[in-house]
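The values are calculated or read from the model by the stated rules, or taken from the named source; none is laboratory data. All values derive from a computational prediction rather than experimental measurement. Here the Cβ positions follow ideal geometry from the backbone for every residue, glycine too, while neighbour counts run over all protein chains shown. We work out accessible area using only protein heavy atoms, side chains counted, and drop any ligands, DNA or RNA first. Shrake-Rupley method; radii C 1.70, N 1.55, O 1.52, S 1.80 Å.
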Amino acid sequence: MINPIRYEEKHFIIVNDIPNSIFYFFDFDIRYAKENMEFEHFHSYYEIHVLLSPNAIHFLEGIPYPIQCNDFVLLPPSLLHKTSYPKNDPSKRLIITFMYKDDGYGFRDAYSEMLKPFHQKLPIYRFPESQLNILTGLLNQIVELSHQAGSQELSGTYELVLHSIFTQFLYCLDQFQGYNLYEKENVDNKITERIYSVSNYIHTHYREDLTLEKLAHDAFMSPYYLSHQFKRITGYTITHYIHLVRIRNCQFLLINSEDKITQIAFDCGFSSFSQFNRIFRKLCGESPSEYRKKHFYTQQSAHQPVDNLYS
């Protein structure tokens, strides 16, 4: 019998220990189809998405993956993603976000090992009942701890205990990788599958010179047919989609690196700085330098989530 995660709508659990660079945020909430994001977004921290409703679709770098109740979607920093929830009934979900010091508090190799499940080619996990119950049991311990603390923001001893339980949770995720039952379902519509393959190619080759003719040639389609089907299935023209992917990755570098803005533009596939600056302003409503000034300090000092651009 599956031990369900203890869900309480609008329940938050927060640890924001800036001096020690420990950040946790547990968010129990519901989402409606009307709240589905228009385009994929990124985070500068690790995220775990646990669906607590029958089904949804999670997009990872342009590819849709059906998920079901108690599936774990593990998202490393900078991975473009979004969740599409079904119409009608609202969907329950748990989002866990966290950040650690780069040196792993003196245990860098151990933390790197425990975080390996996030960096697999397909970081979606569906566990058998025995392993699932261990994981949900640990999460429920954290929920119970938050009630003992009597506050949504934990500090002191409660912070240390939460960190300890969650470390055990990460350890179990790593140890249970071999039990993963998740397999991506094949798309019945071959055209749809090919279009999503093109979108994924854009995500993984955005630094290169991408043209409609090249993408069509690689997809064994005519440029006109690819352009028409891409717009029909994704809702975007190919040019717009390429711009969005490139700008998203520029945003990540603007707030997570000290590279020069011109270098970031060229590293993300833009052929000229003027083109980059024009497109960035159009999509983000501000210049790249304004975006960096607004978000860089917040990102570095207070661990605040930074999402813009159709988020």
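Inspect the range 80-95 for any residue being surrounded by 18 or more Cβ atoms within 10 Å (Cβ to Cβ) and either among the aromatic types (F, W, Y) or in a loop (DSSP other than H, G, I, E, B) (or both) and give the result as yes or no. Checked the range 80-95: at least one residue is surrounded by 18 or more Cβ atoms within 10 Å (Cβ to Cβ) and either among the aromatic types (F, W, Y) or in a loop (DSSP other than H, G, I, E, B) (or both). A single entry from Y196, Y179, Y236 fulfils the requirement of being among the aromatic types (F, W, Y) and open to solvent by 50 Å² or more (accessible area, probe 1.4 Å): Y179. Of all residues in the range 32-53, those that are farther than 19 Å from L170 by Cα and open to solvent by 20 Å² or more (accessible area, probe 1.4 Å) have Cβ atoms under 6 Å from Cβ atoms of residues that are part of a loop (DSSP other than H, G, I, E, B) and of a type in the set (K, R), 6 or more apart or on another chain, in A33/K87. Confirm whether G156 is at pLDDT 95 or above and open to solvent by 10 Å² or more (accessible area, probe 1.4 Å). Answer is no for this residue.
At pLDDT 95 or above, aromatic (F, W, Y), assigned to a helix (DSSP H, G or I) and closer than 20 Å to E40 by Cβ: which single residue out of F252, F276 fits that description?
Unique residue meeting the criteria: F276.
Within the range 182-193, restricting attention to residues that are outside any helix (DSSP H, G or I) and open to solvent by less than 50 Å² (accessible area, probe 1.4 Å), the residue that is modelled with the lowest pLDDT is V187.
The one condition from (1) open to solvent by less than 20 Å² (accessible area, probe 1.4 Å); (2) more than 14 Å from L139 (Cβ to Cβ); (3) not basic (K, R); (4) not in a loop (DSSP other than H, G, I, E, B) that Y24 does not meet is (2). If R207 satisfies all but one of (1) without any contact (Cβ under 8 Å) to a residue 12 or more places away in the chain; (2) under 24 Å from L79 (Cα atoms); (3) open to solvent by 80 Å² or more (accessible area, probe 1.4 Å), what's the number of the condition it fails? Status for R207: all satisfied but (1).
Taken together, I124, I142 contain a single residue that is open to solvent by less than 20 Å² (accessible area, probe 1.4 Å), in contact with a helix residue (DSSP H, G or I) (Cβ under 7 Å, 6 or more places away or on another chain) and under 30 Å from A56 (Cα atoms), which is I142. Select from the range 159-170 the residues that are in contact (Cβ under 8 Å) with a residue 40 or more places away in the chain and of a type outside the set (F, W, Y) and write down the one among them that is surrounded by the fewest Cβ atoms within 10 Å (Cβ to Cβ). The qualifying residue surrounded by the fewest Cβ atoms within 10 Å (Cβ to Cβ) is T167.
For the range 211-233, residues that are within 23 Å of R248 (Cα to Cα) and surrounded by fewer than 19 Cβ atoms within 10 Å (Cβ to Cβ) total 7.
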